[in-house]
Amino acid sequence: MSEAEAVPLRYDEFLEAALSRIGGLLKGHYGISRRAVGLLLLQGDPQMEREVKKRDAASYSLLQEIVSQARAHYNQPLSYVIALRRQQEARRLVSAVVTLRGKRRPGFAEWLSRAMMHPVSGSLILLLVLYFGLYQFVGVFGAGVVVDFIEGTVFGEWVNPWVTELVRGFIPFQVLQDLFVGDYGVITLGLSYAFAIILPIVATFFLVFSIIEDSGYLPRLAMLIDRVFKAIGLSGRAVIPMVLGFGCDTMATIVTRTQETRRERIITTLLLALAIPCSAQLGVIFAILSGSGMALLIWAVTVALVLLLVGYLASKVIPGERASFYMEVPPLRLPKLTNILAKTYSRLQWYFVEVLPLFILASVLLWLGDLSGLFGLVIGGLEPLVKFIGLPPETAVVFLYGFFRRDFGAAGLYDLHSAGALMGVPLVVAAVTLTLFIPCIAQLLVMWKERGAKTALAIAAFIFPFAFLIGFVLNLILTRLGVSL
């Protein structure tokens, strides 16, 4: 019996003909059937493409031509066509061997699952998740209660005064003292921000995200917002990097690899860099705006409208095919405490290993920039821009911090608000502009690696003036309307 005759799953005539032609050209040994190799080639598997190019170099151009012809024949991506046919075959097999006795009434879990994906009830559930998960737990508890205690008591009253006295007692030179305990000191700025402000916010966010992930809510959220994402050139699959972006935009930019088309990856990367605040930035913004519900609402609506507008325009400008959306929806389940703790721990471990050194490096660079006078020039260049959008000149330092780390800039904004230098309308304008400001160095480097230098620089060049333009327009509207916050 031939290989084709032994195959229980058959595709349509055109696809079968393509598989037959591919199988006839394959001469190398792959450890799997030629049909399996052909299916992987048709679906664009990069590893198999490399293997075929190496083992069947002589016929590789002909194989590429067959694959291109097959892709052009279908309106949908071949990965979708193949997956749909497999799903049909799976349903046929199940119906042939399984008999349902009577009409089964859906249980609570199935009812809740459907409600999560319904446009109306799903939106209400999403609002509840955002309010209790992000606003109350991350914003109020994490960025408020926990940060106030660690920053004000632990570092403000215990750690920083003790370390400052210790350093000044052992190091005689003022310049070196400033490296550790000055305005840009590694301990008083870098470690203080990392442990006292950012860590509590990141920890509470990762805890919430682990619960959402372990419960099975994430794929249902993807199904819910697929229709909205279609309007901005994306599919529901983009919810994964988007939600991860609320944890860390750098990590989320890497996860855009899971999207099917280059067009989707570029649009998602742009929106992550522009309008998705990381967990620490989000938590700090929640903390400083939580005193006024109207201020928080203005910030959220402005950022959401910018995301939708830029996404819509990008979908019209950026060429490429639209990807179809299909996703396996696992059953809902109660999150397991062990899973939640393990996932939160692993992500916090990543935070300490990957992010903490960046805070220390940023402090050193800020110290060097201040020592050399370079940052004074940069801040001087930023001051006209912040005045242009109605902010006090000292806010320029916050945007400089934000370029090194988004959460670094948010922490600087927190300091200005705590000192009473930013209140009311200027605070909202600063929060919106900082949210939309150019990505931090780490995210910019990852964008460079993932999308290429040209695309990364084009995104940064667009975002920088655009963020200040939105800040100017928002300040103009709020002041003309006489809004008081």
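The values are calculated or read from the model by the stated rules, or taken from the named source; none is laboratory data. What you see is a predicted model, and the numbers here were worked out from it, not measured in a lab. Backbone-built Cβ (ideal geometry, glycine too); neighbour counts: all protein chains shown.
Residues that are within 19 Å of VAL398 (Cβ to Cβ) and of a type in the set (S, T, N, Q) within the stretch 356-378 comprise just one, SER363.
May I ask you to verify whether TYR131 is touching an Asp or Glu at 6+ places or on another chain (Cβ under 6 Å), modelled with pLDDT under 90 and either on the phi > 0 side of the Ramachandran plot or not β-branched (Val, Ile, Thr) (or both)?
no
Kindly evaluate THR204 against the criterion of being at pLDDT 85 or above and in contact with a Phe, Trp or Tyr (Cβ under 7 Å, 6 or more places away or on another chain). In short, yes. Residue-level check: of (1) farther than 25 Å from LEU308 by Cα; (2) charged (D, E, K, R); (3) under 19 Å from the mean Cα position of the chain (by Cα), ARG406 misses just (1).
Scanning the stretch 84-107 finds no residues that are more than 28 Å from LEU19 (Cα to Cα), buried (at least 17 other Cβ atoms within 10 Å of the Cβ), over 22 Å from the mean Cα position of the chain (by Cα) and hydroxyl-bearing (Ser, Thr, Tyr).
Quick check on the stretch 394-419: of everything there that is in contact (Cβ under 8 Å) with a residue 60 or more places away in the chain and small (Gly, Ala, Ser), which residue is nearest to SER279 (Cα to Cα)?
If we take residues in the stretch 394-419 being in contact (Cβ under 8 Å) with a residue 60 or more places away in the chain and small (Gly, Ala, Ser), then ALA410 is nearest to SER279 (Cα to Cα).
Among all residues of the stretch 72-82, there is none that is over 21 Å from GLY320 (Cα atoms) and either in contact with a Cys (Cβ under 8 Å, 6 or more places away or on another chain) or of a type in the set (Asp, Glu) (or both).
Those residues that are hydrophobic (A, V, I, L, M, F, W, C), loosely packed, with under 15 Cβ neighbours inside 10 Å and over 22 Å from the mean Cα position of the chain (by Cα), I need them from the stretch 111-128; list them, please. Scanning the stretch 111-128 gives TRP111, ALA115, VAL120, LEU124.
Restricting attention to the stretch 274-314 and to residues that are of a type outside the set (A, V, I, L, M) and in contact with a Lys or Arg (Cβ under 8 Å, 6 or more places away or on another chain), the residue that is surrounded by the most Cβ atoms within 10 Å (Cβ to Cβ) turns out to be CYS278. Exactly one residue out of TYR135, TYR184 is of a type outside the set (A, V, I, L, M, F, W, C) and farther than 30 Å from ILE212 by Cα, and it is TYR184.
Determine whether LEU485 is outside any helix (DSSP H, G or I), touching a residue at least 12 places away in the same chain (Cβ under 8 Å), touching a helix residue (DSSP H, G or I) at 6+ places or on another chain (Cβ under 6 Å) and over 23 Å from LEU271 (Cα atoms). Yes.
Filter the stretch 335-394 down to residues that are of a type in the set (Ser, Thr, Tyr) and crowded, with 19+ Cβ neighbours inside 10 Å and give me whichever is nearest to GLN174 (Cα to Cα). Among residues in the stretch 335-394 that are of a type in the set (Ser, Thr, Tyr) and crowded, with 19+ Cβ neighbours inside 10 Å, the one nearest to GLN174 (Cα to Cα) is SER363.
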